[in-house]
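Novice: This is the structure I have questions about; it appears just below.
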Amino acid sequence: MEKFSKAMVKNLVVCVQHHREIIKLAKDIQRIKEIGIFVLFASGALVLCTCLFQLSMVQFGSVESMMLLFFSICMLTEQFLYCWFGSDVIYKGSLILQAAYNTP
């Protein structure tokens with residue numbers, strides 16, 4: 001049992017070190033990309049709002065409304081992907097903390 005416990009602690013230490021390296025890499029990437037991603041996200045939100053406004057002004061069922069609807073779905077998907085992966089990183093980071101505190 002003790003051998004298993006030592007191996008588990010050793011694996012946890014490796015996992016925490018790996019997690020720290022990932023956090024360092026994420027901070028470096030964030031520092032480099034944060035303004036570009038903000039501009040992309042803000043412009044995407046502006047384009048989405050404009051597109052939805054235009055969609056409300058055209059007759060539903062026309063070719064223009066279908067194009068606007070498809071484009072709106074694409075823009076929503078783009079915005080969603082940033083949020084999805086960011087949320088996933090935060091969730092998996094919290095699992096590391098839980099594992100550290102639940103180790104005997």
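Each reported figure results from applying straightforward, stated rules to the coordinates on display, with no laboratory input. Source: prediction; values computed, not measured. Every residue, glycine as well, gets a Cβ built from its backbone with ideal geometry; the counts of neighbours run over all protein chains shown.
Novice: How high is the FRET efficiency from VAL14 to ASN102, r the C-beta distance, R0 22 Å, rounded to 0.05?
Specialist: E between VAL14 and ASN102, to the nearest 0.05, is 0.85.
Novice: Using only C-alpha positions, report the orientation-averaged shadow area of the convex hull of the chain, nm², one decimal.
Specialist: Mean projected area of the Cα convex hull: 9.6 nm².
Novice: Would you work out which of GLN30, LEU97, VAL13 lies farthest towards the positive end of the dipole of the chain? Charges go on Cβ: Lys and Arg +1, Asp and Glu -1.
Specialist: VAL13
Novice: Between ALA7 and LYS33, 0.36 nm times their residue separation minus their Cα-Cα distance comes to what?
Specialist: Length gained between ALA7 and LYS33: 5.5 nm.
Novice: If you don't mind, another one. Charges at C-beta only: +1 for Lys and Arg, -1 for Asp and Glu. How large is the resulting dipole of the stretch 2-101 about its Cα centre, in Debye rounded to 20?
Specialist: About 660 debye.
Novice: With a cut-off of 8 Å between alpha carbons and a minimum separation of six or more residues, what is the relative contact order of the chain in percent?
Specialist: Relative contact order for the chain comes out at 36 percent.
Novice: Give, as ranges by residue number, the residues of the stretch 32-52 whose backbone N falls under 20 Å from the point 7 Å along Cα→Cβ of MET66.
Specialist: 51-52
Novice: What spacing in nm lies between the two simple spin-label points modelled at ALA26 and MET57, each 7 Å away from Cα in the Cβ direction?
Specialist: Going from the ALA26 label point to the MET57 one covers 4.2 nm.
Novice: Which angle between 0 and 90 degrees, to the nearest 10, do you get for helix 63-101 versus the longest principal axis of the chain when only C-alpha atoms count?
Specialist: Between the helix axis and the principal axis of the chain, the angle is about 10 degrees.
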